[in-house]
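*Asks:* Sharing a structure, written as structure tokens. Questions coming.
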Amino acid sequence: MRKTYILTAVLLSLSLFSAVVLRAQHQIGNGRISGDFGFNGMYYIPDSTIGAEKVDSKVRANAFINILYSNGGFSAGARYEYYQFPLIDLEKTGYQGQGVKYFFADYKNSFIQVTAGNYYEQFGNGLTLRAYEDRQLGVDNSLLGARVKVTPYKGIYLKGVWGVERRNFDSYIGRRDFVRGADAEVSFGEIFPAMQEKGFLARIGGNFVSRYEKSEDDLIFSLYPNTDSTVSALIPANKFPSNVAAWAARMSFGYKDFRIDGEYARKINDPNISNNFIYKPGSALFLSATYAMKGFGVAASFIRADNMEFRSQRMEKSNSLLYVNCIPAINRQYSYQLIGKYSYASQPNSQIGVQLQVNYQIPKKSVLGGKYGTDLTFNYSRFHSIEKNPVAEAVANGTPIGTDGYTSPFFKFGPDLLYQDIGLEISHRFNNKNWKWILAYNYITYNLEILQGHEGMMRGHLVSSDLSYKITNKHALRLEAQHLYTKDDDGSSVYAMLEYSFSPNWFVSVGDEFNYGNPLKEHKTHYYNISCAYVWNTTRVALNFGKTKEGILCVGGVCRAVPASFGAGLSVTTSF
Amino acid sequence: MKKAFLTLLVIACCASAFAQENKKKLSRLPEVDIQTLDGAVFNTKDIANDGKPVIVSLWATWCKPCIAELLAIADEYEDWVEETGVKLYAISIDDSKTSARVAPFVKGRGWEYTVLLDVNSDFKRAMNVNDVPYMCILNGEGEIVWQHTSYAPGAEEEVYEIIKSLSIK
């Protein structure tokens, strides 16, 4: 117990220390040192009314510091992370440990860039390879190895990567899996400037990615698992492909304000735990078309992913670990408090869907537009699972394991609706421009069974309002109010939050979420929150106290569970 | 446990030692390849404005305070440009999930900013930015003279004062 207090005290003083001392720019000869620091700590109080369990150490904290040295084309950096006793939501994802798991050296000139160590990278839209980080989610799948980027001619871009993917704080030693890949892109507009001047855009690209993981274990499984039969079968270790290859081709064409983008990816047979060890190849198609002119924009996208979960290790099943690729969730992302837990999570093995967004500005100085114009945003998205018709062998065996699994008609929407969102947002500034108002309505349908593992569908109407009033040049008030009306899941909720800001340094807010429609009387609870933040240039210190509802946090279609909690928190971020 | 504290302390001490070094030279933007809205490669060293001040904003279509900040500036932008010659680069950190919608979003709102895409957060990392919104101001020589994270209504006034003082010099 004492240990954790000491730990918190040390981290706290360090964070203040870095906030105060490590400011300004740091020059050594021609080189420059910079970096950033983040600290998140919390004191937990058990609260049975919201299901906040007693945690074994009440004080939790995690912190990191990034140091970056750069000198001309050379740069090097490292990150130290201390997540030994992390906040409980990160602990649940397994992001726990400490050490330097990110370090690199990089040299770059106009022809070549060479990186050794850890790096983040993305090929095209990431359908075959995407190494990225998201600290909020506890996702960091950087590759440890080497990367080369070459620009042999303006408009031609080549990349090659080799690396072992990071898995939380686990050691890289003894790892037998790695990822390698190459990507090429040709941008005709840059090669032929005349084309660009006439407003034409044309780019093509392609890549090849291969994951290596030797299999040493046979897989024994039972046939007819739903009957009394005890017949079992086996996939011998040597029948698991060590090398799993994936490739993708992409293109972008545009003329003036119109543009289309497309990428198609395929992955060869990759029996793994997420796809029931089937040998069917995977595929993904991502298309988008946009048109934009002043005051009007429309974007339409289509995505289909079939058996495209691609990981460094075939037995990995944790929600965020060892992904080689990233099939994007293309729905519009909202930051509304009440529908946070109903954010769509991308389904790389089975999804087909569309997304349409229209932005329109009612012109300034018109009757409806007012002096400053009114912005309208309409959004529609709908995602289904794909249709799967089991192959004869899978039917005969009573299990898809070891077979080609299923066949699937390419453009057919499957029977299960996963997610739908119909929304309209109106953003208006009044003639007295100190008042601004954003009003939005959304109708959301969310498949609880497939996306969260408990029964049913959530259908809900959400009305949200965000009104801000600038009292003087520096003082402002903002009132956020939301109402989710639904008969499903936890029922209806209301939320209100008042924020007062004293620009540019102070933010104070009080908020409350009340789950008044919960079918269980004892769960009709208030989740209040008080917070105060001080911002000074690039340093932010925030204190908060209150309750967090058990839910799901999603950032860009990747989600993690957030346990219920009650307590006081401190967070510090700074860059120097 | 002890080892961890020690490591952390050593790192912090090293960093503070560097902090003692001279602070005369102002820093510049790191050189990172990002993209234009057309998908062409754009190196951040090319962020410039003929000796006039530059505002660089890191934002995303899903970030409400970022949009509030850019919206507040959009109302004044024409006047600012006329008075100070300032140019605003709005660098979106939207990734492939939402980056296709950046252009319709920006044009649909009638923003006159120069918009760039940092789809895998390479520039954000090189700038040591933790969270968006983040904004910095460069003087005519391309040196970073001011930076700030988060947005409170009215903060644009401070930005205006700074670019005004830069354009007078």
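The values are calculated or read from the model by the stated rules, or taken from the named source; none is laboratory data. Every value quoted in this text rests on a predicted model; they were computed, and no experiment measured them. Note: ideal-geometry Cβ built from the backbone for every residue, glycine included; neighbour counts use all protein chains shown.
*Asks:* When the residues of the range B:30-65 are filtered to those that are among the hydrophobic types (A, V, I, L, M, F, W, C) and within 11 Å of another protein chain (Cβ to nearest Cβ), which remaining residue is farthest from the chain's Cα centre (by Cα)?
*Replies:* In this case the residue turns out to be B:40.
*Asks:* Here's another thing I want to ask about it. Being more than 8 Å from chain B (Cβ to nearest Cβ) and more than 30 Å from residue A:551 (Cβ to Cβ) is the filter here; which residues of the range A:101-112 pass it?
*Replies:* Within the range A:101-112, A:103, A:104, A:105, A:106, A:107, A:109, A:110, A:111, A:112 qualify.
*Asks:* Looking at A:259, A:304, can you tell me which residue is among the charged types (D, E, K, R), buried (at least 22 other Cβ atoms within 10 Å of the Cβ) and away from chain B (no Cβ under 14 Å)?
*Replies:* Going through A:259, A:304 in turn, just one is among the charged types (D, E, K, R), buried (at least 22 other Cβ atoms within 10 Å of the Cβ) and away from chain B (no Cβ under 14 Å): A:304.
*Asks:* So which residues in the range A:470-496 are more than 8 Å from chain B (Cβ to nearest Cβ), of a type outside the set (Gly, Ala, Ser), surrounded by fewer than 19 Cβ atoms within 10 Å (Cβ to Cβ) and not in a loop (DSSP other than H, G, I, E, B)?
*Replies:* A:477, A:479, A:483, A:485, A:494
*Asks:* Got a sec? Which of A:124, A:99, A:117 is more than 20 Å from residue A:79 (Cβ to Cβ) and either surrounded by fewer than 20 Cβ atoms within 10 Å (Cβ to Cβ) or at pLDDT below 95 (or both)?
*Replies:* Numbers: A:99 fails: more than 20 Å from residue A:79 (Cβ to Cβ); A:117 fails: more than 20 Å from residue A:79 (Cβ to Cβ).
Criteria check complete, one pass: A:124.
*Asks:* Name the one entry in A:323, A:344 that is in contact with a Phe, Trp or Tyr (Cβ under 9 Å, 6 or more places away or on another chain) and farther than 30 Å from residue A:484 by Cα.
*Replies:* Being in contact with a Phe, Trp or Tyr (Cβ under 9 Å, 6 or more places away or on another chain) and farther than 30 Å from residue A:484 by Cα holds for just one of A:323, A:344, which is A:323.
*Asks:* So which residues in the range A:334-345 are of a type in the set (S, T, N, Q) and crowded, with 21+ Cβ neighbours inside 10 Å?
*Replies:* Passing the criteria: A:337, A:343.
*Asks:* For the range A:44-76, name all the residues that are within 9 Å of chain B (Cβ to nearest Cβ) and surrounded by 19 or more Cβ atoms within 10 Å (Cβ to Cβ).
*Replies:* A:63, A:65, A:66, A:67, A:68, A:70, A:75
*Asks:* Given the options B:47, B:55, B:137, name the one that is touching a residue at least 12 places away in the same chain (Cβ under 8 Å) and in contact with a helix residue (DSSP H, G or I) (Cβ under 6 Å, 6 or more places away or on another chain). Before the answer, list the steps.
*Replies:* Numbers: B:47 fails: in contact with a helix residue (DSSP H, G or I) (Cβ under 6 Å, 6 or more places away or on another chain); B:55 fails: in contact with a helix residue (DSSP H, G or I) (Cβ under 6 Å, 6 or more places away or on another chain).
Answer to the check: B:137.
*Asks:* Restricting to the range B:129-149, give me the number of residues that are more than 7 Å from chain A (Cβ to nearest Cβ) and either assigned to a loop (DSSP other than H, G, I, E, B) or not acidic (Asp, Glu) (or both).
*Replies:* From the range B:129-149, those more than 7 Å from chain A (Cβ to nearest Cβ) are B:132-146; that's our starting set.
From the residues that got through so far, the ones that are either assigned to a loop (DSSP other than H, G, I, E, B) or not acidic (Asp, Glu) (or both) too are B:132-142, B:144-146.
Selection size over the range B:129-149: 14.
*Asks:* Within the range A:531-576, count every residue that is part of a strand (DSSP E or B), within 14 Å of another protein chain (Cβ to nearest Cβ) and within 24 Å of the chain's Cα centre (by Cα).
*Replies:* Looking only at that region, the number is 12.
*Asks:* When you go through A:128, A:151, A:115 one by one, which is the residue that is hydroxyl-bearing (Ser, Thr, Tyr), in a strand (DSSP E or B), out of contact with any Pro (no Cβ under 9 Å at 6 or more places or on another chain) and more than 10 Å from chain B (Cβ to nearest Cβ)?
*Replies:* The unique qualifying residue is A:115.
*Asks:* Just give me the residues in the range A:395-433 being of a type in the set (Gly, Ala, Ser) and either touching a residue at least 24 places away in the same chain (Cβ under 8 Å) or within 14 Å of chain B (Cβ to nearest Cβ) (or both), in sequence order.
*Replies:* A:398, A:402, A:405, A:408, A:414, A:423, A:427
*Asks:* If you go through the range A:277-303, how many residues are closer than 23 Å to residue A:210 by Cβ and not β-branched (Val, Ile, Thr)?
*Replies:* 9
*Asks:* Which of the residues belonging to the range A:154-179 are hydrophobic (A, V, I, L, M, F, W, C), within 12 Å of chain B (Cβ to nearest Cβ) and over 24 Å from the mean Cα position of the chain (by Cα)?
*Replies:* A:156
*Asks:* Hey, another quick one. Under the condition of being more than 21 Å from residue A:539 (Cβ to Cβ) and touching a strand residue (DSSP E or B) at 6+ places or on another chain (Cβ under 9 Å), which residue from the range B:150-169 is surrounded by the most Cβ atoms within 10 Å (Cβ to Cβ)?
*Replies:* Here the answer is B:163.
*Asks:* Separate question: Hey, can you tell me all the residues within the range A:439-449 that are surrounded by 17 or more Cβ atoms within 10 Å (Cβ to Cβ) and either in contact with a helix residue (DSSP H, G or I) (Cβ under 8 Å, 6 or more places away or on another chain) or of a type in the set (A, V, I, L, M) (or both)? Give the steps one after another, and end with the answer.
*Replies:* Keep residues of the range A:439-449 that are surrounded by 17 or more Cβ atoms within 10 Å (Cβ to Cβ), which gives A:440, A:442, A:444-447.
A:440, A:442, A:444, A:446 - these are the residues of the range A:439-449 that are surrounded by 17 or more Cβ atoms within 10 Å (Cβ to Cβ) and either in contact with a helix residue (DSSP H, G or I) (Cβ under 8 Å, 6 or more places away or on another chain) or of a type in the set (A, V, I, L, M) (or both).
*Asks:* Moving to a separate point now. I'm told residue A:229 meets every condition in (1) part of a loop (DSSP other than H, G, I, E, B); (2) surrounded by 14 or more Cβ atoms within 10 Å (Cβ to Cβ) except one. Can you identify the failing condition by its number?
*Replies:* Of the numbered conditions (1) part of a loop (DSSP other than H, G, I, E, B); (2) surrounded by 14 or more Cβ atoms within 10 Å (Cβ to Cβ), the odd one out for residue A:229 is (2).
*Asks:* Can you name the condition, by its number, that residue A:479 falls short on among (1) under 26 Å from the mean Cα position of the chain (by Cα); (2) under 30 Å from residue A:528 (Cβ atoms)?
*Replies:* Result: residue A:479 passes all but (1).
*Asks:* Taking the range A:458-492, which residues are of a type outside the set (A, V, I, L, M, F, W, C), over 23 Å from residue A:436 (Cα atoms) and touching a residue at least 40 places away in the same chain (Cβ under 8 Å)?
*Replies:* Correct list: A:460, A:488, A:489.
*Asks:* Pull out all pairs, ordered by first then second residue, where Cβ-Cβ is under 6 Å, the residues are six or more apart or on different chains, the first lies in the range B:114-125 and is at positive phi and within 12 Å of another protein chain (Cβ to nearest Cβ), and the second is modelled with pLDDT of 90 or more and crowded, with 23+ Cβ neighbours inside 10 Å.
*Replies:* Sorted first by the residue in the range B:114-125, then by its partner, the pairs are B:121/B:93.
*Asks:* Now a separate question. Here's a check for you: in the range A:347-391, which residue that is more than 21 Å from residue A:441 (Cα to Cα), in contact with a Phe, Trp or Tyr (Cβ under 6 Å, 6 or more places away or on another chain) and assigned to a strand (DSSP E or B) is farthest from the other protein chains (Cβ to nearest Cβ)?
*Replies:* A:390
*Asks:* Determine if the range A:353-368 includes at least one residue that is surrounded by 24 or more Cβ atoms within 10 Å (Cβ to Cβ), under 24 Å from the mean Cα position of the chain (by Cα) and of a type in the set (A, V, I, L, M, F, W, C).
*Replies:* Within the range A:353-368 (the criterion being surrounded by 24 or more Cβ atoms within 10 Å (Cβ to Cβ), under 24 Å from the mean Cα position of the chain (by Cα) and of a type in the set (A, V, I, L, M, F, W, C)), the answer is no, since none of the residues qualifies.
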